[in-house]
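Okay, so here's the structure we're looking at.
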Amino acid sequence: KNDEPPTNLAWAMDDNDDNNATDNNNNTANNNDGGQPAHMKQFYQDVENIKSDISAVTSATEQITTLKDKAVLATSETEESQISDTIKTLVTNTNGRAKKCKNMLGLLKEENSNLKKRQGC
């Protein structure tokens, strides 16, 4: 399991940076989506991943609430134990995903700040 956020934040580099990927003709690498730079495609992918993580955490939170209600109404210790184990697994997985999302948001914020400094904003 990899909770580390992606390290590819090429989208955060200024278009004039020397670190941009270039082809043999010394052109900045673009994807084929209307001439959009590849680093912007990565940025939008990062945003979509964050949105997906937030949605998954929200859904898991609702599931946890439902399972807790079921645990309170459980009629046997076995049933309560099974629900409790499910809740523990869900909480562990959700916390990992929330941590990954938080780290990614922190990286985006840091890169945004760095871009503002480079551009003199």
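The values are calculated or read from the model by the stated rules, or taken from the named source; none is laboratory data. Keep in mind that what you see is a predicted model, and the values were worked out from it rather than measured. So basically every Cβ, Gly included, is an ideal-geometry build from the backbone, and we count neighbours across all protein chains shown. Remember, those area values only see protein heavy atoms, side chains included, never the ligands or the DNA or RNA. Shrake-Rupley method; radii C 1.70, N 1.55, O 1.52, S 1.80 Å.
What are the residues in the range 48-75 that are within 15 Å of residue 105 (Cα to Cα) and without any contact (Cβ under 8 Å) to a residue 24 or more places away in the chain, if any?
Here is the first cut: in the range 48-75, the ones within 15 Å of residue 105 (Cα to Cα) are 48-55, 57.
Hits for the range 48-75 are 48, 51, 52, 55.
Starting from the range 87-106, keep only residues that are within 14 Å of residue 50 (Cα to Cα), then list their pairs with residues that are exposed (fewer than 13 other Cβ atoms within 10 Å of the Cβ) whose Cβ atoms are within a distance under 7 Å, requiring at least 6 positions of separation or different chains.
From residues that are within 14 Å of residue 50 (Cα to Cα), the pairs are 96/1; 96/3; 99/3; 100/3.
Regarding residue 75, is this residue open to solvent by 70 Å² or more (accessible area, probe 1.4 Å) and modelled with pLDDT under 95? First the steps, then the outcome.
Values: open to solvent by 70 Å² or more (accessible area, probe 1.4 Å): yes; modelled with pLDDT under 95: yes.
Here the answer is yes, as residue 75 does meet what is asked.
Would you be able to tell me the number of residues in the range 46-72 that are surrounded by 13 or more Cβ atoms within 10 Å (Cβ to Cβ) and under 13 Å from the mean Cα position of the chain (by Cα)?
Matching residues across the range 46-72 total 8.
Of everything in the range 70-121 that's of a type outside the set (Ser, Thr, Tyr) and not in a helix (DSSP H, G or I), which residue is farthest from residue 44 (Cα to Cα)? Break it down into steps so the answer makes sense when it comes.
First, pick out the residues of the range 70-121 that are of a type outside the set (Ser, Thr, Tyr): 70-74, 77, 79-80, 82-83, 85, 87-88, 90-91, 93, 95-112, 114-121.
Filter again for not in a helix (DSSP H, G or I), leaving 74, 120-121.
On the way: 74: 44, 120: 24, 121: 22 Å.
Here the answer is 74.
Considering only residues of the range 107-121 that are closer than 25 Å to residue 50 by Cβ and open to solvent by less than 80 Å² (accessible area, probe 1.4 Å), which is modelled with the highest pLDDT?
Our first condition is that a residue be closer than 25 Å to residue 50 by Cβ; within the range 107-121, this holds for 107-119, 121.
Filter once more, so that each one left must be open to solvent by less than 80 Å² (accessible area, probe 1.4 Å): 107-108, 111-115.
Details: 107: 91, 108: 88, 111: 86, 112: 84, 113: 87, 114: 86, 115: 81.
Here the residue is 107.
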